[in-house]
Amino acid sequence: MHRDLRISVTDRCNLRCTYCMPAEGMQWLPRSEVLTFEEIERIARLLVERYGFTSIRLTGGEPTVRAHLPLLVERLAKLDTDLALTTNGTSLGLIAHDLAAAGLRRINVSLDSLQRDRVVALTRRDCLAQVIDGIEAALDADFHP
């Protein structure tokens, strides 16, 4: 039986990957319709305590664009699960240390290529340097592997 919980913390993303989003014109959910941190914590707690879920992965859209994400991580870290985050890495350099301090255990960086021209073609953004900086910040914050 699967005991892995994936929580999308936002529908928003800072990239426009050709396989995921149109270049323009996305209709985002009104913020009032996105789960609050309290709602996310309550659902996660129920699934961990009552149904034995053992891992939580925060996803999106791009989860690092959600304001105050380390506060959510801190709340979920208290559930003592395998807490992880999947990110495109572009904002990771700004919050990697805060995520580690909040109790995040693992980070998965989705990266389509290490060739700048391919990254630009796929994401419609020139973001490879930011992603590399984010990976370095994650390593510096002691995320391993």
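The values are calculated or read from the model by the stated rules, or taken from the named source; none is laboratory data. Keep in mind it's a predicted model, so treat the numbers as computed, not measured. SASA here: full protein model, heavy atoms, side chains in, ligands and nucleic acids out. Shrake-Rupley method; radii C 1.70, N 1.55, O 1.52, S 1.80 Å.
Table for the structure above
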read-out	value
Accessible carbon and sulfur surface of region 1-107 relative to its total accessible area, %, 1.4 Å	52
Region 2-145, accessible area per residue, ligands and nucleic acids excluded (1.4 Å, Å²)	57
Value of relative contact order over the chain, rounded to a whole percent, pairs C-alpha under 8 Å and six or more apart	27
Mean projected area (nm²) of the alpha-carbon convex hull when the chain is viewed from all directions	9.1
Amide hydrogen neighbours beyond the local backbone of LEU85, cut-off 5 Å, H modeled	LEU58, ARG106, ILE107, ASN108
SER55 long-range amide H proximity, modeled H, under 5 Å	LEU5, ASP82
Computed P(r) (all Cα pairs; region 58-100; 10 Å bins; percent)	29, 61, 11
